[in-house]
Amino acid sequence: MLVDNHNRKINYLRLAVTDRCNLRCNYCMPSEGIEFVKNNKLLTIDELSKISEVLVGQGIDKIRITGGEPFVRKDLMVLLQKLSALDGLNDISVTTNATLIGPYIDELKALGIKNVNVSLDAINRETFERITRRNQFDTVHNNLIRLITEGFNVRINFIVLEGQNEQDIIPILELMKHYNVSVRFLEEMPFNGGTKNFTGIKWDYKAILEHISKTYPNFEKLQSPPTSTSINYKIDGHKGTFGLIPSFSRTFCGSCNRLRVTATGDVITCLYGKPKANLREIVREKKEIEEIQNEILKAVGSRAKTGFEAQGEHSTTIFKNSMTSIGG
Ligand code: SAM
Ligand code: SF4
């Protein structure tokens, strides 16, 4: 079992499979994109699979596939097949912008992968296109409805962006009222490829809750697992739930059970900190498994206690990195 230097059990891996993406969400990267890494720096499917296998051996029982956009990787399903065969891995999930998932829905189902997080920050076409800088609204909408109606466990991630999509907070709850879906509102984080400075955000989780409660005063707080990053609620008469994720306020660090491996093999123990190791060459050179295990143990053994402490690893508040490189 992996236990960090603050006695937190680590059993959840967020594995980025690419830094490429077919959208250009303005809170994630500049319109021209970022400097994507060279192909030979990206882990191959075998390498991603090897790292996962080692980590599962060390006690990881839940893997979320992220990116970049995972489905831009043509060989993604090969990785998912390999992961599905890993003993000890109880939960495989995917975070996606839902533009390219359509052709893979049946295969995901067949593999038993039912947890899909769809990032959707607007219910209005114009807002969607302004934020993502692409015209994929209909495709995303259709795929989302298909995932829901085909019985996937769908969670919508909606980043609340000042001056951009706050007018869609209530409508998305209204739209999802009859579906068994969790709509999670996230605070914006400073990982956008260095396009803006961050001193604070208007839409923190408290402001979002206050806004929602003006329209829906009758809601109840739900019990959530101790490692959950979302505070969850149910509105009277709604089939699904909604959640608030204090991703910028960082109230959940005390129970953080996550480890991140990027598409280039960086090991990240906190989104706000710097990478603690890189596994690519160790895996590529086919060194002993113990070497991979030791790198992971070292990284996990030197985790910052909170996201605020981890942020201190950077010398500036303007983060140059983009969420597409670290996986979210
Ligand atoms: N492309 C996929 C997607 O959008 O779902 C997966 C990768 S994306 C980087 C993972 C998550 O990070 C998404 O839910 C996205 O909305 C979120 N994200 C990206 N940039 C962010 C930022 N600056 N602040 C908060 N969340 C962000
Ligand atoms: Fe792409 Fe996801 Fe970033 Fe949007 S948030 S640009 S979909 S990686």
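Remark: pairs (first residue in segment 177-192, closer than 28 Å to residue 322 by Cα and among the basic types (Lys, Arg); second residue at pLDDT 95 or above and not in a loop (DSSP other than H, G, I, E, B); Cβ separation under 6 Å; 6+ apart in sequence or on different chains) = 184/155; 184/157; 184/243; 184/245. Scanning segment 143-193 for residues that are under 20 Å from the mean Cα position of the chain (by Cα), small (Gly, Ala, Ser) and more than 11 Å from ligand 1 (Cβ to nearest atom) yields a single hit, 182. Of the numbered criteria (1) among the aliphatic types (A, V, I, L, M); (2) modelled with pLDDT of 95 or more; (3) within 16 Å of ligand 1 (Cβ to nearest atom), the one residue 29 fails is (2). Scanning segment 124-142 for residues that are within 15 Å of ligand 1 (Cβ to nearest atom) and either at pLDDT below 95 or among the β-branched types (Val, Ile, Thr) (or both) gives 127, 131, 132, 139, 140. A single member of 148, 170, 156 is touching a residue at least 12 places away in the same chain (Cβ under 8 Å), in contact with a Leu (Cβ under 9 Å, 6 or more places away or on another chain) and not polar (S, T, N, Q), and it is 156. The set of residues in segment 62-120 being in contact with a strand residue (DSSP E or B) (Cβ under 7 Å, 6 or more places away or on another chain) and assigned to a loop (DSSP other than H, G, I, E, B) consists of 67, 68, 69, 89, 90, 97, 98, 113, 114, 120.
With respect to residue 176, determine if the residue is farther than 25 Å from residue 33 by Cα, modelled with pLDDT under 95 and hydrophobic (A, V, I, L, M, F, W, C).
When the stated conditions are applied, residue 176 passes them.
Considered as a group, the residues in segment 10-37 that are of a type in the set (Phe, Trp, Tyr) and open to solvent by 30 Å² or more (accessible area, probe 1.4 Å) include one that is nearest to ligand 2 (Cβ to nearest atom), and that residue is 27. Of all residues being touching a strand residue (DSSP E or B) at 6+ places or on another chain (Cβ under 9 Å) and more than 12 Å from ligand 2 (Cβ to nearest atom) in segment 183-194, which is nearest to residue 161 (Cα to Cα)? Just the residue, please. Ranking the candidates gives 187 first. Close contacts from segment 70-96, counting a first residue that is closer than 17 Å to residue 324 by Cα and a second that is assigned to a loop (DSSP other than H, G, I, E, B) and more than 16 Å from ligand 2 (Cβ to nearest atom), with Cβ to Cβ under 7 Å and a gap of 6+ residues or different chains, come to 94/113. Under the condition of being in contact with a helix residue (DSSP H, G or I) (Cβ under 6 Å, 6 or more places away or on another chain), open to solvent by 80 Å² or more (accessible area, probe 1.4 Å) and assigned to a helix (DSSP H, G or I), the residues counted in segment 125-145 number 1.
The values are calculated or read from the model by the stated rules, or taken from the named source; none is laboratory data. Worth saying up front: this structure is predicted, and the values here are computed from it rather than measured. Don't worry about glycine lacking a Cβ; one is built from the backbone with ideal geometry, like all the others, and counts go over all protein chains shown. Note: areas computed on protein heavy atoms with side chains; ligands, DNA, RNA excluded. Shrake-Rupley method; radii C 1.70, N 1.55, O 1.52, S 1.80 Å.
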